[in-house]
Ligand code: PSU
């Protein structure tokens, strides 16, 4: 384990990431909230390992990001990944509390927002996740809007996801992204995907066919000096999807339970994902793992294309 942070950056790199940086190999960032708050053990660790393997097979090097005992790690060693996957009382870190975890020696998993901040700091341009956070249903009352959207507007990282989670208000999520100037580009479809389902019923603002197309788009943005992230949406493979109609039934029941139990703020998304996992007898988890793997494959392709 590399234990000393580099003098210039408050980051500890894993051996593999350190070697990749020295050799100038393409890197793909991965988040850790999906491991600690998004999936139960041991499905979470299986997903974390398989996603890393897929990125290596795609010609890039994976860098899973987390805060362990107040230290920011970019790339986790096998034992660190295993410990995190089983850890309890892990903070769910976003822009607001990322530095707090560092300052107080806490262990925290990075959400999309915090992972983007860390990736940008480490010079990593591509990041694969499952589904971004967004505008929650009923946000007109609760004001619950994920900090992921604001981060996409600010931070120069390409985020590959399977769309916004269908538990959200997807039309409002797309509206906020448009207002904040975040390009939303779906790969291989003209429909914006809805995480477990290939379609949301909403057209994607932009569409492309390949990883090379996304690399060209990024190059053009850089030439223009346009800052901020790109949201790449990648529909879940057809053989793994659960239809929008079927999902909507589970989501309604989960939302009802969340309301009855007064679940709020950061706890909402993990609660809903867990509720849906139990309702579907684990099928939603299988789909979630498949879509993250699919996103890792595309993210590796984008990182390799950008490095050419
Ligand atoms: N993708 C998944 N599962 C997850 C997440 C993404 O397949 O749990 C996490 C990401 O870390 C994202 C977070 O930032 O869900 C959104 O949480 P919230 O809605 O509280 O902003």
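The values are calculated or read from the model by the stated rules, or taken from the named source; none is laboratory data. Computed from a predicted structure; not experimentally measured. Glycine also receives a Cβ, built like all others from the backbone with ideal geometry; neighbour counts cover every protein chain displayed.
Points to keep in mind about this one:
- Identity of the residue in the stretch 51-72, surrounded by fewer than 20 Cβ atoms within 10 Å (Cβ to Cβ) and under 17 Å from residue 127 (Cβ atoms), that ends up farthest from the ligand (Cβ to nearest atom): 59
- For the stretch 103-117, residues that are part of a helix (DSSP H, G or I), more than 18 Å from residue 52 (Cα to Cα) and either in contact with a strand residue (DSSP E or B) (Cβ under 6 Å, 6 or more places away or on another chain) or at pLDDT below 95 (or both) total 1.
- Residues of the stretch 120-161 that are within 13 Å of the ligand (Cβ to nearest atom), part of a helix (DSSP H, G or I) and modelled with pLDDT of 95 or more: 139, 147, 148, 149, 150, 151, 152.
- Some residue of the stretch 228-250 being within 12 Å of the ligand (Cβ to nearest atom), surrounded by fewer than 19 Cβ atoms within 10 Å (Cβ to Cβ) and at positive phi: no
- Residue count for the stretch 268-290 under the criterion of being near the ligand (Cβ under 10 Å from one of its atoms) and farther than 22 Å from residue 48 by Cβ: the result is 1.
Rundown of residues vs (1) touching a helix residue (DSSP H, G or I) at 6+ places or on another chain (Cβ under 7 Å); (2) at pLDDT below 95; (3) under 22 Å from residue 285 (Cβ atoms), yes/no style:
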{"residue": "22", "(1), (2), (3)": "no, no, no"}
{"residue": "37", "(1), (2), (3)": "yes, no, yes"}
{"residue": "41", "(1), (2), (3)": "yes, no, yes"}
{"residue": "70", "(1), (2), (3)": "yes, no, no"}
{"residue": "75", "(1), (2), (3)": "yes, no, no"}
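- Any hit, the stretch 24-33, residues being surrounded by fewer than 21 Cβ atoms within 10 Å (Cβ to Cβ) and either free of Cβ contacts under 8 Å to residues at least 60 places away in the same chain or more than 13 Å from the chain's Cα centre (by Cα) (or both): yes
- Considering the conditions (1) modelled with pLDDT under 95; (2) loosely packed, with under 13 Cβ neighbours inside 10 Å, residue 79 is excluded by exactly one of them, (1).
- If only residues of the stretch 187-200 that are farther than 15 Å from residue 292 by Cα and touching a strand residue (DSSP E or B) at 6+ places or on another chain (Cβ under 7 Å) are counted, the one that is surrounded by the most Cβ atoms within 10 Å (Cβ to Cβ) is 192.
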